[in-house]
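Single-structure report; data block below.
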Amino acid sequence: MKPPVFSLELVQLQFDLSNLQFLRIASNILYLIANSHVYRINLEDPSRITEIALTSVIALNGPVTNVFVSPSGCHVVLELTSAHYYLNLHYDRPKLMARFKGVQTTCLRWLTDDPFETDLLVGTKIGQILHTKLVRHDDFAKKDDHHLKCVFKAGSNNAVNDIVIRGHEITVFTHQEIYGWTLDDVVAALKTPPAESMTDASSYQVYQFGKFSDEYLIVKKGKVIKSSRARLEGLTVPAANVLVTRYHLVTFDTKSSTLSITNQLDNKVVYENKLSLDVKESIVGCTADYQSDTATFWLYSTHQIWEIVPNNESKDIWELFVARNEYDEALKSTDSALVRNLIQIRQGRQCLSEGKFKEGANLLANTTEPFESIALNLMDDTETDADTQTEKTDALLDYLLLTFKGANALQKKLLSSWIVELYITKLNQIEGWIISSKRNVGVTDLLASLHGVSTASSASLSKLLAATNQSYERFVRTNQVSLDKETIYQILTNYHNQPQLLFYANIIKDYRFTMTYYIKLKDWENALAVLMAVYCDPPLEKDLEMLSKETSPVELIYEYSTTLLVNSPRATIDVWTKLFNANYPVNVVKLLPALLTFSKTHKSQVIWNENLVILFLQKVIYKMDQMTQTMGSLSTPSRSDVKIIHDVYLSSLITYPSEQKSQAIAKEITKFLKLSKHIDQDFVLRLLIKHDQIQPAIQVLISQSLHSTAIDLALDYNMDDMVEYIINDFDSQLGDGLDLMGVLDDVLWIDNATFIQKKKLWLKVAKYLIKEVVSGSNKLEFVFREFDDEEVSEPSSAAEDSKSKKLNTILRYLLNRSNGLLTLKDILPLFPEFTVINHFQDEIIHSLKSYNNAISQLSQEMKESTKTAERIKQDIEAYKTRFTIIEPGEECHLCELLLVKKQFISFPCGHGFHKDCLLKFYVQNGDYKFQKLFESFRRQRSSPTNSSREEKLKYVTEIDEVLLKSCVLCNEFGIGLLDEGFVDEADKEFSSQWEL
């Protein structure tokens with residue numbers, strides 16, 4: 001059996017109730033007027049009851065005829081027969097409203113409702129509407145009613161029955177007429193003539209309800225003829241006492257004492273209860289509290305109070321709303337998810353049947369209606385009307401988008417392809433409309449209205465196209481993970497929508513597709529922009545693990561390097577330069593094939609220092625040097641890669657076309673060879689010799705310490721000026737500690753392989769110079785310019801005499817430049833036979849003098865050595881008889897005790913020490929070597945095995961040598977102790993006692 005929708009519950013009070021005249025309730029504050037008292041009960045704390053006596057007031061002014069309570073329950077106006085009294089929530093007795101003397105109140109409308117003051121309108125029996133303001137004063141000597149002014153007058157015999165304020169509408173119901181205003185300020189509006197009026201209102205009854213008393217219903221002859229709720233109009237009202245709940249009307253027939261509750265939607269009685277009253281008991285009325293969070297309804301008699309409790313008022317109400325097609329109200333009437341689902345299904349189906357496809361699709365997307373049923377309905381193409389088909393397609397797209405949000409991963413994979421296809425279809429359709437509108441074919445007004453376009457103009461359709469395209473791009477960008485790449489590519493390709501195809505490729509970062517697309521169009525600028533995108537947003541490490549080298553987007557930089565460099569060289573070089581940085585370096589080695597290909601075809605077109613390949617490699621090498629200096633070997637190119645890059649750079653310079661070669665290239669090569677340590681020297685050397693870059697080749701040989709080969713190469717190419725450079729470089733490699741100046745014995749040179757090698761170098765030079773002079777060559781200007789004297793340089797008639805003089809110059813050059821390494825006996829065998837030596841007499845004499853000086857020097861050194869040996873022998877003999885005088889009372893300079901009491905050591909400086917004190921000092925402050933020696937001696941003494949006397953004597957001798965070596969106060973160790981304090985760590989505690 002279904003539980004009743006309403007129930008009637010008797011209210012139990014803490015006091016006896018009799019002769020109840022009025023019951024008013026607002027915001028859970030209950031006022032009872034009974035037995036000449038006012039009982040105030042806060043229903044949130046019903047145990048606390050405030051009782052206010054009205055005995056003296058009633059005795060003076062007659063019984064209470066009406067009671068008015070503000071919506072907050074803070075203000076109460078009591079109307080007695082001949083006076084009005086004001087009762088505030090904080091008053092313990094009513095206060096006379098003197099200004100209301102003689103006023104017969106019929107209704108009261110609260111405009112404001114503050115706990116301390118209130119503004120209100122008062123309707124009277126003589127057709128006036130009075131405006132007053134009540135202000136709470138705790139001092140009862142002060143009046144609470146500030147003023148009482150008439151703001152409207154309907155007529156002396158036209159009593160004001162009710163005042164309804166709903167929004168900006170003001171309606172005044174009088175005994176004969178109904179007046180209406182539409183203004184913001186109520187008081188100001190009532191002072192103006194009414195905007196509308198209706199006569200013959202004598203049979204009307206007005207009932208106000210709602211949280212702010214802003215709802216109403218007008219009853220005439222037992223029927224509702226007008227109401228703020230449209231569904232109430234036409235309902236039967238069998239009794240004069242009416243209360244309005246959310247979905248029902250509560251009426252009470254005082255004659256039959258019957259409580260009836262009628263459904264507002266179908267006018268059926270859902271609850272009826274005939275009360276059993278005592279003989280002396282009668283029903284006074286009914287009231288409601290619409291201001292509380294949950295409205296409450298009350299019925300009261302002279303002796304009892306009942307609460308009309310809605311148990312499940314909204315049960316099954318939704319079905320009645322659905323039957324009336326009031327779906328929004330049906331949804332408001334229930335909290336059941338199952339019921340709400342059924343309501344939306346019915347509403348959605350009705351929208352589809354009425355042609356409201358988009359609205360119906362949006363509703364059904366949030367229900368459990370089968371997906372197939374809705375999709376098939378929207379895909380039905382039996383409609384011949386193109387506009388209807390367009391609307392269905394748009395509705396289907398909306399439905400799929402809404403369904404997509406709640407789908408699982410697999411469902412999203414399937415739905416996303418369908419959604420993309422619908423978007424592309426819609427975009428192509430709008431583009432077709434735009435083309436048609438430009439050709440004056442036109443688009444139907446219905447299509448324009450369906451898409452929110454006021455007219456079918458090209459501009460409005462363009463806006464629609466932009467909005468649709470934006471929606472599509474937002475979907476793809478947000479849900480790219482759910483899109484199946486191959487399917488989307490196939491859809492976009494079939495519909496020939498290149499812009500969207502490119503957009504999708506960019507979104508999923510399919511750089512290979514994008515690059516291929518731009519290269520086919522020969523759009524080199526955008527193709528290079530793709531390279532920048534690949535670099536700026538490289539794939540994550542987890543993605544790189546899944547990608548092969550061929551599919552990795554980073555490989556695109558190398559794959560299309562040749563194509564881009566050949567077609568857009570400068571821009572490509574600029575991009576590569578930007579890409580080569582420390583965070584994510586491009587592998588330049590993989591770019592070398594493109595660089596070499598480009599260089600091969602473009603070398604002869606520009607000079608070398610403007611060649612893009614050479615400039616790029618220069619920047620790369622400079623950047624690699626910076627990376628190595630700042631970051632070490634981490635995150636930098638490998639040594640082999642650096643070597644390859646350096647070799648390619650050098651080969652580009654070396655192999656530059658002959659017509660472009662200049663001294664500047666040779667200088668650049670030489671400079672780079674000096675700085676670079678990462679080149680394949682054998683490869684570079686072969687390349688240099690092949691392309692006649694002899695000076696850089698000599699530099700390579702020197703770096704390999706192949707000075708002999710370098711001299712051979714220099715002499716082969718008649719580069720006489722390079723000879724001295726090679727030998728000087730050889731000298732620099734010997735170091736700064738070797739003195740080659742002066743005449744040295746040949747034996748000293750032969751003992752050193754390096755000197756032998758240098759001598760061989762000079763012999764090569766000597767052979768070459770003598771050979772050139774003998775052959776009559778004039779290529780030795782560098783020798784004659786510096787070493788030719790006036791006598792030799794004078795013209796001679798005899799050729800042989802001239803040749804001898806040149807040989808003499810060569811001889812002087814070799815003897816001078818070799819710094820004595822070559823002697824006359826080394827050079828003379830190189831001269832041709834039958835060479836006249838008349839011109840060499842100076843050199844021969846100089847050589848003999850040098851030998852004589854060397855012999856004299858050696859003899860002098862031998863004499864000095866003999867004298868030194870004699871002095872040493874005398875010193876040794878003197879030490880045998882040396883002694884030191886110890887003064888009486890002399891102390892040990894370490895322990896400050898008498899020196900002669902123990903075995904001691906005295907030094908020539910005058911310091912004396914006990915041997916054990918000196919030993920202790922060295923143990924505590926000596927170096928690690930002495931401490932280790934003493935520890936070994938101590939272990940040897942404490943060893944249980946018998947050690948030989950020789951071993952003990954060895955340790956004692958070594959320790960004595962250390963002790964006797966030097967005075968501990970005068971040697972370097974003692975001087976180093978000057979900065980130490982006078983107080984030891986052990987004495988600090990004792991010394992702290994002397995602090996002031």
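The values are calculated or read from the model by the stated rules, or taken from the named source; none is laboratory data. What you see is a predicted model; the values in this text were computed from it and never measured. Here the Cβ is made from the backbone with ideal geometry for all residues, glycine too, and neighbour counts use every protein chain on show. All accessible areas refer to the heavy atoms of the entire protein, side chains included, with ligands and DNA or RNA removed. Shrake-Rupley method; radii C 1.70, N 1.55, O 1.52, S 1.80 Å.
Scanning for something farther than 25 Å from CYS892 by Cβ, open to solvent by 50 Å² or more (accessible area, probe 1.4 Å) and either modelled with pLDDT of 80 or more or assigned to a helix (DSSP H, G or I) (or both), does the stretch 969-987 turn up at least one residue? Before you say what the answer is, go through the steps one by one.
First, pick out the residues of the stretch 969-987 that are farther than 25 Å from CYS892 by Cβ: none.
No, because not a single residue in the stretch 969-987 is farther than 25 Å from CYS892 by Cβ, open to solvent by 50 Å² or more (accessible area, probe 1.4 Å) and either modelled with pLDDT of 80 or more or assigned to a helix (DSSP H, G or I) (or both).
Kindly state which strands (runs of 3 or more DSSP E) lie completely within the stretch 119-166 and contain at least 3 residues that are on the phi < 0 side of the Ramachandran plot, surrounded by fewer than 19 Cβ atoms within 10 Å (Cβ to Cβ) and at pLDDT 90 or above.
Working: elements: 128-135, 145-153, 160-166.
Hits in the stretch 119-166: 145-153.
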(Q) It is to be established whether one or more residues within the stretch 45-53 are open to solvent by 20 Å² or more (accessible area, probe 1.4 Å), touching a Leu at 6+ places or on another chain (Cβ under 8 Å) and either modelled with pLDDT under 90 or hydrophobic (A, V, I, L, M, F, W, C) (or both). (A) no
Q. Of GLN903, GLN940, which residue is modelled with pLDDT of 85 or more and either open to solvent by less than 40 Å² (accessible area, probe 1.4 Å) or under 23 Å from PHE973 (Cβ atoms) (or both)?
A. GLN903
Q. Hey, any hits in the stretch 705-720 for a residue that's at pLDDT below 70, open to solvent by less than 20 Å² (accessible area, probe 1.4 Å) and in contact with a Lys or Arg (Cβ under 9 Å, 6 or more places away or on another chain)?
A. yes
Q. Among the listed residues ASN479, ASN494, ASN526, which satisfies the condition of being open to solvent by 40 Å² or more (accessible area, probe 1.4 Å), more than 20 Å from ALA571 (Cβ to Cβ) and out of contact with any Pro (no Cβ under 7 Å at 6 or more places or on another chain)?
A. ASN494
(Q) Any residue in the stretch 54-83 that is among the aromatic types (Phe, Trp, Tyr) sitting within a Cβ distance under 8 Å of a residue that is open to solvent by less than 70 Å² (accessible area, probe 1.4 Å)? List the pairs, counting only those 6 or more apart or interchain. (A) PHE68/ARG24; PHE68/VAL76; PHE68/VAL77; PHE68/GLU79; PHE68/THR105; PHE68/LEU108
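Right, PHE15: among the aromatic types (Phe, Trp, Tyr) and surrounded by fewer than 13 Cβ atoms within 10 Å (Cβ to Cβ) or not? So that I can check it myself, show each step before the final result.
Working: among the aromatic types (Phe, Trp, Tyr): yes; surrounded by fewer than 13 Cβ atoms within 10 Å (Cβ to Cβ): yes.
Criteria met by PHE15.
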(Q) Out of everything in the stretch 205-232 that is charged (D, E, K, R) and touching a residue at least 12 places away in the same chain (Cβ under 8 Å), what residue ends up being most open to solvent (accessible area, probe 1.4 Å)? (A) LYS221
Q) Among (1) under 23 Å from TYR489 (Cβ atoms); (2) open to solvent by less than 40 Å² (accessible area, probe 1.4 Å); (3) at pLDDT below 85, which single condition is MET546 missing? A) (2)
Q: Could you run through the stretch 386-427 and say how many residues are outside any helix (DSSP H, G or I) and farther than 22 Å from GLU486 by Cα?
A: 1
Q: With the checklist (1) more than 20 Å from ASP289 (Cα to Cα); (2) modelled with pLDDT of 80 or more; (3) open to solvent by 30 Å² or more (accessible area, probe 1.4 Å); (4) in a strand (DSSP E or B) in hand, flag the one item THR192 doesn't pass.
A: (4)
Q: For the stretch 378-411, name all the residues that are of a type outside the set (Gly, Ala, Ser), at pLDDT 80 or above and open to solvent by 50 Å² or more (accessible area, probe 1.4 Å).
A: MET379, LEU402, LYS405, ASN408, LEU410, GLN411
